[in-house]
Structures are given as C-alpha cells and as structure tokens.
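Scroll down for the structure; my scribbles are underneath it.
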DNA sequence: GTCGGATGTAAGCGACTGCTTACATGGGGG
DNA sequence: CCCCCATGTAAGCAGTCGCTTACATCCGAC
C-alpha cells in the first residue's frame, strides 16, 4: 500500500516539509519530528539525508534563494520580490525571507546563506541607480521590502496586511524612486 | 556580604536581565536560567515574581513600549524612533522592537502587546498626513523602520549597518516625506 | 527575644529536544 | 532464486527546557 522506496522522493518530501514549517514557525519552533511527520517519513531519515537540522535549514535557504533569484533580472527584481511579498494569500513557504525572518539563527552556515541572500538582492537593486551611495540606497529599499514582509506576516499589522497589492506597490515604488532615480536626467 | 533582601530590587534585576537577553537573543533562545544567572538570583524567584517566562516577556515588552512612547509627541516619533534605531553602537536591549523582531512568539499575551505597540506607532505616524489612506502610508513608514532595524541587527547588512546615522536619516525622511506630505500645499 | 511571614535556595520532575543505534524489510542484480 | 545493500523503522540516549517543591534563612512586629 505504501509508495515504493525512493530515496530522492523521500529527500524531496523532507525538504518541502522543512521549507513550509521553517517559513511558518521559524527554526527554533520547528522540530525534526514535525518535519518528518509532515513529510510522512521516519525522522531518522532526516539525519541520514541531511546530516543535521542546521544543514537542512541551510539547504532550504539555499534552494529558495536560488529559485527566487535565477529568473529575476535586476530591473525586475524590486517588482518581483515586492509582488511576491504582497500576494493576497501569502504562501509563506515560498519566500525565503520568511524563513529567515522567523529564525534568529546566528551560528552555522545559515548565517552565511542569509547574508549572501541579502547581498544578492542589494547588488541587483544597487544597479538601478548611479548615485555614489548606491549600495546604501539599495540597502534601504531592501530594508523596506523586508519590513513590509515582517509587518504583514509576523505582526499581521492592519491595514497593511490586508491592503491591495497594487496600492501598496504604487506607494512603495513612488517613494523608492526618490532613492533609486538616476542623478542626471536621461 | 550579600546585599540585603529586597524583593523590589530582585524583581527589577530580573526584568533588566530579561530585557537585555530577550533583545539580544529573542524569546526562544533565552532560558530562564540565563536570565536568573545574569540577574544574580535563583531562577525559582523568576517564577515567584513573574509567574512564567511568557508573563515576563510580556512585561518586558509592555515596560519598554511605555517608556519609548511616553515622551515622544507624534511629530517627533519618526525621528526619535529612527534615531534610536540608528545609534552607532545600537543597544539592542533598549529598543522594544529588537525583542519583538527576535521573537516569533505567536501565542500568549505577547502577541497582543506586539500588536498594540504597532498600533501606537502607526497611529502617531498617521497623524502626520491628511491623505485618506493615511493609515496605510503610516504602516509603510513603520515597515521601513522595522526593516532597517532588521537589516542592521539581525542581518548585520553592510553598508547599512555601518552607515552614518545622519545620512540614513536624511535618505529615509526624504523618501518618506513623499508618503507623509499633506495633500494640499500649506 | 521570638515568632511568623517574606525572601532566597537546592534539588529534581516530567516533558521535549536533536540525534544515534540496532534492527526490519524490500527490491534489483548476480 | 537469493542475496545484499539501500531504504525504512522503533526505541532510546543524553542533554536541556520551564516549572515546582521542600526546605533554609533573614528581618520586622510584638
């Protein structure tokens, strides 16, 4: 009755379950038993295939950030990231920032992955302006995106959490354009 | 040799220690034994004076948010909050948002305190504009402040984390003024 | 002085955590 | 066919968690 033995499928099921739970609850409040139960496998397999909970978390972040960044050219990144943050029913497990935001996870390689993610976002955003403090301006825009995600999901702050995506995107892009505009008119 | 018995002082020492550790590590990664050790008292006293770790956390948040808001009139709130976020050596324990950001703490009364804190910030910010979507605009400004705090402390994102306070404040207030300006010129 | 409640302490309980180990089982290659 | 290793499972270990309990000790009221 049970599905045939398939290591790759089991590993994928564990990764999917971990992605969902880390995004919803953060690292600390997600247990390896929860992940294994959601994946429908024995929790010992988690350690066979990923080695440790830390490694699994790092793998989740790496996988998500790769998926998000691989098809977002710089000029569309702000829009893409913002829109995904603003989806009506935000699927928390789909956005790597959610797992990061819910996990104050200092040690282990997760810290490196987390920073790298921020670096990639910011580098892409910085290319949108030619100001000499482009990096700082990009960081501020990134900070805004992150903050909006926090208020919408962690805080559930109204009216922002329930606001229309287009309205929010319009306000943000309008204000952010002050930071990202080119210093000399084209 | 030990200080005289003083329940009020003991309680205050526990609250101070909890404020510091919750702000640095978040709720989950702070243990009651850590708090008691830092306060220099037996950990059983934490439960005598605060009942539970949850209650202590809620008390920390309530105390901090009261202190922050009580002497910040609306027109100075953005500046005050932003400047405190941008202090050179950010004393994480001093800003209630740090404890909140590091604690994905869903249940218990902490959720209520967290929302109330957001409500107070946003209400004050909303009074700065007369636009009909003032609340939404205020939420976006609040989101920005939160996001800057996250990038500076949780991520440690450079160059934002090491940027000059005045530079950051100038950029943010300039861009935020687009959102908070009055709809008809004075 | 002494008595009693307020204050502080040591020890441990039961639950849960990440992780390991010893063992069952199934399916493809000889 | 059968054997063997990849795959899956059950049980449990050692440590930590929040919290409780039983017991010392101090100090002010009388």
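Please treat every number below as a calculation from the coordinates, not as lab data. On a predicted model such as this, the values are computed, not experimentally measured, just so you know. Note: ideal-geometry Cβ built from the backbone for every residue, glycine included; neighbour counts use all protein chains shown.
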Legend entry - Selection within the stretch B:128-137 - more than 9 Å from every other protein chain (Cβ to nearest Cβ) and within 20 Å of residue B:169 (Cβ to Cβ): B:128, B:129
Legend entry - Selected residue (criterion: surrounded by the fewest Cβ atoms within 10 Å (Cβ to Cβ)) from residues of the stretch B:146-164 that are assigned to a helix (DSSP H, G or I) and more than 7 Å from every other protein chain (Cβ to nearest Cβ): B:162
Legend entry - The listed residue being within 14 Å of another protein chain (Cβ to nearest Cβ) and more than 9 Å from DNA strand C (Cβ to nearest atom), out of B:34, B:28, B:16: B:28
Legend entry - Complete set of residues in the stretch A:165-180 that are crowded, with 17+ Cβ neighbours inside 10 Å, over 30 Å from residue A:25 (Cβ atoms) and at the interface with chain B (Cβ under 9 Å from one of its Cβ atoms): A:171, A:175, A:176, A:179
Legend entry - residue A:42, sole failed condition from (1) without any contact (Cβ under 8 Å) to a residue 12 or more places away in the chain; (2) assigned to a helix (DSSP H, G or I); (3) touching a helix residue (DSSP H, G or I) at 6+ places or on another chain (Cβ under 8 Å): (2)
Inset, instruction - Scan the stretch B:9-20 and give yes if some residue there is within 28 Å of residue A:30 (Cβ to Cβ), within 12 Å of DNA strand D (Cβ to nearest atom) and either in contact with a strand residue (DSSP E or B) (Cβ under 8 Å, 6 or more places away or on another chain) or assigned to a helix (DSSP H, G or I) (or both), otherwise no. - result: yes
